[in-house]
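For reference, the structure is listed below as structure tokens.
The values are calculated or read from the model by the stated rules, or taken from the named source; none is laboratory data. Everything numeric in this text was worked out from a predicted model, so none of it was measured. Note that we place each Cβ from the backbone using ideal geometry, even for glycine, and neighbour counts take in every protein chain shown. Please note that ligands, DNA and RNA were not included when accessible areas were found on the heavy atoms of the full protein model with its side chains. Shrake-Rupley method; radii C 1.70, N 1.55, O 1.52, S 1.80 Å.
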Amino acid sequence: MKFSKDIAALCKEHGLRLTEPRKVIMQVLAESSDHPDAVELHRRVSEISPGVAIATVYRTLALLEEKGVLEKHTFGDGRARFESADQEHHDHLINVETGDVIEFRSDEIERLQEEIARRHGFDIVSHRLEIYVKPSRKTRKRPGKAS
């Protein structure tokens, strides 16, 4: 997860004190290439700073979301997952078998959404596209078959 600014600058810009637990939490978020939930984030933070309580992780995530630093997603599995709110717009493929989340951008999908909204007399203000997928049977390996 990439932030547009360094952690100290982000906290200063949003009027947040840069406590040691927040620094570690934001560092772990910045180094994450996935969309961690609070439990996974706490596990990673604990490897660096074992004294950080899971309640601190939850409070920090809520605060960062409230300040517009993070965006929360649930992706249908009930777990709140987070990513930087200042990323370029993108959509998500969610693998229902593994929970993996794949980010993608499609100019064609964006154009179609605009066209459909206009056709119905609307301008898009905001949107999210989450596509729930499972591996295609064509790409799955079958037992006993050589690849």
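What are the residues in the stretch 58-108 that are basic (Lys, Arg) and either touching a residue at least 40 places away in the same chain (Cβ under 8 Å) or crowded, with 18+ Cβ neighbours inside 10 Å (or both), if any?
Hits for the stretch 58-108 are 67, 79, 81.
From (1) in a helix (DSSP H, G or I); (2) closer than 25 Å to residue 92 by Cα; (3) out of contact with any Phe, Trp or Tyr (no Cβ under 8 Å at 6 or more places or on another chain), pick out the condition that doesn't hold for residue 33.
All conditions are met except number (1).
For the stretch 114-125, state whether one or more residues are touching an Asp or Glu at 6+ places or on another chain (Cβ under 7 Å) and at pLDDT below 90.
no
Tell me yes or no: at least one residue of the stretch 46-57 is under 15 Å from the mean Cα position of the chain (by Cα), surrounded by fewer than 17 Cβ atoms within 10 Å (Cβ to Cβ) and either part of a helix (DSSP H, G or I) or charged (D, E, K, R) (or both).
Looking for residues that are under 15 Å from the mean Cα position of the chain (by Cα), surrounded by fewer than 17 Cβ atoms within 10 Å (Cβ to Cβ) and either part of a helix (DSSP H, G or I) or charged (D, E, K, R) (or both), one finds none in the stretch 46-57, hence no.
Restricted to the stretch 16-30, and to residues that are free of Cβ contacts under 8 Å to residues at least 24 places away in the same chain and surrounded by fewer than 19 Cβ atoms within 10 Å (Cβ to Cβ), which residue is nearest to the chain's Cα centre (by Cα)?
Selected residue: 27.
Any residue in the stretch 111-131 that is under 26 Å from residue 101 (Cα atoms) sitting within a Cβ distance under 7 Å of a residue that is polar (S, T, N, Q)? List the pairs, counting only those 6 or more apart or interchain.
Pairs that qualify, where the first residue is under 26 Å from residue 101 (Cα atoms) and the partner is polar (S, T, N, Q), are 124/113; 127/113.
Across the stretch 1-25, which residue is modelled with the highest pLDDT among those that are closer than 25 Å to residue 93 by Cα and not charged (D, E, K, R)?
Step by step, filter the stretch 1-25, then rank; the result is 3.
From 111, 128, grab the single residue that is modelled with pLDDT under 95 and either more than 22 Å from residue 95 (Cβ to Cβ) or open to solvent by less than 100 Å² (accessible area, probe 1.4 Å) (or both).
Sole residue among the options that is modelled with pLDDT under 95 and either more than 22 Å from residue 95 (Cβ to Cβ) or open to solvent by less than 100 Å² (accessible area, probe 1.4 Å) (or both): 111.
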